[in-house]
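None of the figures in this text is laboratory data; all of them are computed from the coordinates on show. What you are looking at is a predicted structure, and each value in this text was computed from that prediction instead of being measured. Positions of Cβ are generated from backbone atoms using ideal geometry, with glycine treated the same way; all protein chains shown enter the neighbour counts.
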Amino acid sequence: MSQTPTTVREGAAQPAPAAPAPRPARTGRPRARAGRAPWEEPPTVIGQGAKGITLAGVIAAVAVPLWIIGLTSVSTPGAVNRAGGLVIWPDGVTFDAYRQMLGDGTVRTALMVSFAITVVGTVVSMVVSVMAAYGLSRSESFAHRPILTLLIVTMFVSGGLIPTFLVVTGLGGYDQWWSLILPSAVSVFNILVLRSFYSTTSADLIDAARIDGAGDWRILWSVVLPTSRAVTAVIALFYAVGYWNSFFNVMLYMPTSAEKWPLQYVLLTYVNRGNGLPGSVNSGFGAANAQTAPLTLQMAVVVLTLVPLLLVYPFMQKHFRTGVLTGAIKG
Amino acid sequence: MSTARSERGKSTTGEDAAGRRTTGRNGTVRLNWRTRLRRDRTLLLMTVPAVVLLLVFNYAPLFGLVTAFQYYDPLVGVRDSEWAGLAQFQQLFHDPLFWGALKNTLWLSLVQLVLFFPVPIALALLLNTVLSERLRNFIQSVVYLPHFFSWVLAITIFQQMLGGAGILNHFLRQNDMAPWDITTNPHTFALLVTSQAIWKEAGWGIIVFLAALAAISTELYEAAAADGAGRWRRMWHITLPGLRGVIVLMLVLRLGNALTVGFEQFLIQREAVGHESADVLDTFSFYYGIATGNYSFGAAAGLFKSVISLLLIWGANKLAHAFGEDGLYRR
């Protein structure tokens, strides 16, 4: 972390405005300064050292566990034996755990269930939220105030766990797929975020489309959605992460149907609680007395729940930064 | 559609404007409500799915709260269950397990307030002094990441690092030191859950503080530096006052949610540390309501928590107003 104290990069915060390519990706949080200001004292060695160590520690706290778990999942049984557990340094790499896990059995089913719930749930949530957000985004539209109030009230008062459980089971939701999606399909907060972006879509643009004969469906699809792509994408990703991570509704509504469990619940049962994996995954380790699955398999399950998040994370990140400005009027 | 019966927009002018869809919406002419209803019927239709889902899964449970005053029997339903008056609450207040859960909740809330609350502020201040934008973005990417992990995943990672078979204890045993298993020790459970919360959420928590820091004018710092204020005095007299509004707001939210210390986190780890230290109010309704089938008792516990929480939010806002800040809502 060496910085020459005299470096004053004036105006270096933004790329030169003459650059022709319109790249909204760089429009981050507006920063007042990019270099050390001339009036600032030069950094002390102790200060810089303490700062560097603290920040390195913070990064290590996140990165090191992920490294160890990822490495163990691809280690050979010999490497795990030599390490006496989790593997810290690479020592024999194999993808057997993944091959074994994806070949057959509980984990593969759980993976497919998780994907299905995530995809279907996200589609349902997005259709409902986008429609509601647009439906409430036109100022002066009929009754949008009372409907908005109806939505916002749910952010502050809720019936709580048991009345919700009774309603869902009363509708026959026990052991049904829809009970994993519909009760939590609508996030009022997300609708409000979408709505605030949709209402900034230029009124002129919408009026122009209306004069051309477009109805509200058409305007939503061809005018509003294309001009707020970033925020729509980030909300979709938030919904998707929510579905991918959900496990409590499984515990509530289908705790006994192991063949319907998503990955998070499998992770909880077979890794976190160390119960034996049923089925063929650890058949080599005696499925009859259902021993705890070998460590490499357990860590492979952890990695499987992690990888989709890591894959979408860069996109979400980009949209954290750009989403704020992309809702602004274009054209 | 019940939403069509709005109290608003009953002015009787504007029959001449009927059907002027292109400009009517933001025009100044006040339309007849029938006209507006007909004009906006598509928009209303779009809100229907969200409204229906919220009515079923958020509003219906509110009415389900009457079960707290009943001896609810799932076989006869809410309507025909026997009324209990306040008997469930009497039983609740005589239940030592309930008081234990309340005590745990308040204790954990206090520990989180003291240990968790300052961490994002400190981290944001630290990050704000990092000059290189790329390094700053990288650190932000890393510390935001755990926010997107599920609790199952986060706790599994903790277990693998600090648990009885984890990396830390492996290292301790190798070096002939006494093993130290924090993940199953009920006495240090508050520390464990707080460190988990810090690991998972403190990074995400810095976003609001970074935004507030970016909003502080550089000129203030420059003027202070010209007047001879060193970096610590600048932090004390400029940075911290600049953060005051956000800090008070966050504090109000935290106090208002004093009875909500997390749910899945405790659900997952209850087996490992035992119910005496892992039961909080939210899990109490689950374990003594749903898991035992004693729905009315659990609903009473949930209702108690909701009412106290609303009072706390109200009180915390009063406090914020007393400090001259806006809090959650304005006066």
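Seen from all sides and averaged, what is the projected area of the convex hull of the Cα atoms in the range A:203-247, in nm²?
Averaging across all directions leaves 3.7 nm² for the Cα convex hull.
Other chains near A:267-274: what is the mean number of their Cβ atoms within 10 Å of each residue's Cβ?
Counting other chains' Cβ atoms within 10 Å and averaging over A:267-274 gives 5.
Across the residues of A:147-160, average count of Cβ atoms on other protein chains within 10 Å? Write down the numbers at each step before the final one.
Values: counts 9, 1, 0, 8, 5, 0, 4, 6, 1, 4, 7, 8, 14, 16.
The mean count of partner-chain Cβ atoms within 10 Å per residue comes to 6.
Give me the extension gain from A:Lys51 to A:Phe189: residue separation times 0.36 nm, minus the current Cα-Cα distance, reported in nm with one decimal.
Result: 46.0 nm gained on full extension.
Have a look at the range A:97-224 and give its Rg and Dmax from the Cα atoms, expressed in angstrom.
Cα only, the range A:97-224: 19.7, 61 Å (Rg, Dmax).
Just to confirm my numbers, what's the Cα centroid distance between the range A:181-260 and the range B:77-96 in Å?
Computed from Cα coordinates, the inter-centre distance equals 40 Å.
Rounded to two decimals, what is the ratio between the C-alpha radius of gyration of the range A:31-94 and 2.2 N^0.38 Å? Intermediate values should be presented prior to the final figure.
Details: Rg = 19.8 Å, N = 64, 2.2 N^0.38 = 10.7 Å.
Taking N as the residue count of the range A:31-94, the ratio is 1.85.
May I ask for the Kirkwood hydrodynamic radius of the range B:151-216, worked out over all distinct Cα pairs and given in angstroms to one decimal?
Evaluated on the range B:151-216, it is 13.6 Å.
So what is the relative contact order for the range B:88-322, in percent, with contacts set as C-alpha pairs under 8 Å and at least six apart?
Values: 229 pairs, mean separation 69.4, N = 235.
Worked out over the range B:88-322, it gives 30 percent.
If you take the beta carbon distance between A:Val120 and A:Thr200 as r and set R0 to 25 Å, what does 1/(1 + (r/R0)^6) give as a FRET efficiency, to the nearest 0.05?
Efficiency at R0 = 25 Å is approximately 0.25.
Highest mean first, what order results for A:47-58, B:147-158 on Cβ atoms within 10 Å?
B:147-158, A:47-58
Separation between the A:Ala63 and B:Arg38 pseudo-spin-labels, each 7 Å from Cα along Cα→Cβ, expressed in nm?
With each label placed 7 Å out from Cα toward Cβ, I get 6.6 nm.
Kyte-Doolittle mean at least -0.5 and Cα extent at least 18 Å along the axis: which DSSP H helices of chain B qualify? Intermediate results must be reported in sequence, preceding the final value.
Numbers: long enough: B:41-54 (20 Å, 1.99); B:96-111 (22 Å, 0.94); B:240-256 (23 Å, 1.76); B:295-322 (40 Å, 1.01).
TM-like helix candidates: B:41-54, B:96-111, B:240-256, B:295-322.
Return the FRET efficiency for the residue pair B:Leu253, B:Ile308: r is the Cβ-Cβ distance, R0 is 25 Å, and the value is rounded to the nearest 0.05. Please report the intermediate quantities before stating the final value.
Working: r = 16 Å, r/R0 = 0.64.
After rounding, the FRET efficiency stands at 0.95.
I'd like the mean, over residues of A:84-92, of how many other protein chain beta carbons sit within 10 Å of each residue's own Cβ.
Other-chain Cβ atoms within 10 Å of each residue's Cβ, averaged: 2.
Could you pull out which residues in the range A:82-125 have an amide N less than 20 Å from a spot 7 Å beyond the Cα of A:Trp177, following the Cα-Cβ vector?
The answer is A:105-125.
Plugging the Kirkwood radius over Cα pairs into Stokes-Einstein for the range A:169-226, at a temperature of 4 °C and a viscosity of 1.567 mPa s, what D comes out in µm²/s? If you can, show how the numbers build up before the last one.
Numbers: Rh = 14.0 Å.
D = 92 µm²/s.
Over the Cα atoms of the range B:207-306, Rg to Rh with Kirkwood Rh, two decimal places?
1.31
Give me the one-decimal nm value for the distance between modelled label points at B:Ala214 and B:Asp176, 7 Å along each residue's Cα-to-Cβ direction.
Taking the simple label geometry, B:Ala214 and B:Asp176 are separated by 5.5 nm.
So which of A:Lys260/B:Lys305; A:Lys51/B:Lys200; A:Lys318/B:Lys103; A:Lys51/B:Lys103 end up more than 31 Å apart by C-alpha?
Too far apart for the 31 Å limit: A:Lys260/B:Lys305; A:Lys318/B:Lys103; A:Lys51/B:Lys103.
Could you let me know the centre-to-centre spacing of the range B:225-256 and the range A:33-106, using Cα atoms, in angstrom?
After rounding, the separation between the Cα centres reads 34 Å.
What is the Cα centroid distance between the range B:165-213 and the range A:112-142, reported in whole angstrom?
Result: 37 Å between the Cα centres.
For q values of 0.12, 0.14, 0.17 Å⁻¹, compute log₁₀ I(q)/I(0) with the Debye formula on a Cα-only model of the range A:100-326, without solvent.
These q points yield log10 I(q)/I(0) values of -0.78, -0.96, -1.20.
Pairwise over distinct Cα atoms, reciprocal of the mean inverse distance: report the Kirkwood radius of the range B:88-322 in Å, one decimal place.
20.3
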